[in-house]
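The values are calculated or read from the model by the stated rules, or taken from the named source; none is laboratory data. Nothing here was measured: the structure is a model prediction, and the numbers come from that model. Neighbour counts run over all protein chains shown; Cβ positions are idealised from the backbone, glycine included.
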Amino acid sequence: MDNDDLRELGARLEAHGLTVAIDQPKRQLNVSNPLNGRLSEQISAVDAHYVTSFAYEIGERGREEDCAERIARILAVGPTTKASAA
């Protein structure tokens, strides 16, 4: 897994309204809810999977959109739907 995967996941998280910082040497994303900074998580790339700082597996490489939705729910940001966007 390379840093392009992290950038892809980071972009998808930003699309959910989350704040993202990439720590490339550690292969890690620092993600937070901009409305409540205490709602934050560190997502690491471990082998072919993304995991939280508590070793909770979020999903696998190649499924960045699914992973982004899971992380958004963990950080209290629901999925964006056409109905909620209107």
For segment 10-43, how many residues meet the condition of being assigned to a strand (DSSP E or B), of a type in the set (Gly, Ala, Ser), farther than 13 Å from Ile74 by Cα and in contact with an Asp or Glu (Cβ under 9 Å, 6 or more places away or on another chain)?
0
Taking Ala48 as the residue in question, decide whether it is at pLDDT below 95, among the hydrophobic types (A, V, I, L, M, F, W, C) and in contact with an Asp or Glu (Cβ under 6 Å, 6 or more places away or on another chain).
yes
Residues located in segment 44-53, provided they are of a type outside the set (A, V, I, L, M) and outside any strand (DSSP E or B)
Asp47, Ser53
Inspect all residues belonging to segment 18-27 and state whether any of them is modelled with pLDDT of 95 or more, surrounded by fewer than 18 Cβ atoms within 10 Å (Cβ to Cβ) and of a type outside the set (S, T, N, Q).
yes
Pairs with Cβ under 6 Å, 6+ apart, first in segment 1-30 and on the phi < 0 side of the Ramachandran plot and touching a residue at least 24 places away in the same chain (Cβ under 8 Å), second surrounded by fewer than 16 Cβ atoms within 10 Å (Cβ to Cβ) and of a type in the set (D, E, K, R)
Arg12/Glu65
